[in-house]
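Everything below concerns the one structure shown next.
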Amino acid sequence: FRRSAHSLKANAATVGADALARTFQELEDLGAADDLESATDKVTSAQQAYRDLIAAIEQVRERFGK
């Protein structure tokens, strides 16, 4: 879990998705603490941050014609 969150955090940071990267950092920290029970809400936050990122990308695509 921790390693997956770490990889996802790095990928999000690479594309400038800072909110998503911060959420994955929190998930990584929870994984390192072996506190997967507390991760449920953070996973929901990550899903919402991902949806927000996709919506922002779609807005840019519409604005610039693709």
Check: For the chain, which whole percent of the accessible surface, found with a 1.4 angstrom probe, sits on carbon and sulfur atoms?
Finding: 51
Margin query: Only four residue types carry charge here, +1 at the Cβ of Lys and Arg and -1 at the Cβ of Asp and Glu. Report the dipole size of the chain about the Cα centre in Debye, rounded to the nearest 20.
Written below: 440
Notebook entry, point to check: DSSP loop trypsin sites (Lys or Arg not before Pro) in segment 6-59 with at most 16 other Cβ atoms within 10 Å of their Cβ, which ones?
Noted result: none
Next item on the list: Let me know the Kirkwood hydrodynamic radius for the chain, please, with Cα pairs as the basis and the value in Å to one decimal.
Entry: 12.3
Notebook entry, point to check: How high is the relative contact order of the chain, in percent, counting Cα pairs under 8 Å that sit 6 or more residues apart?
Noted result: 28
Check: What angle, in degrees between 0 and 90 and rounded to the nearest 10, separates the Cα long axis of helix 2-14 from the longest principal axis of the Cα atoms of the chain?
Finding: 30
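The values are calculated or read from the model by the stated rules, or taken from the named source; none is laboratory data. This is a predicted model, so every value here is computed, not measured. Note that we place each Cβ from the backbone using ideal geometry, even for glycine, and neighbour counts take in every protein chain shown. In case anyone asks, the SASA skips ligands and DNA or RNA and just uses the protein heavy atoms, side chains included. Shrake-Rupley method; radii C 1.70, N 1.55, O 1.52, S 1.80 Å.
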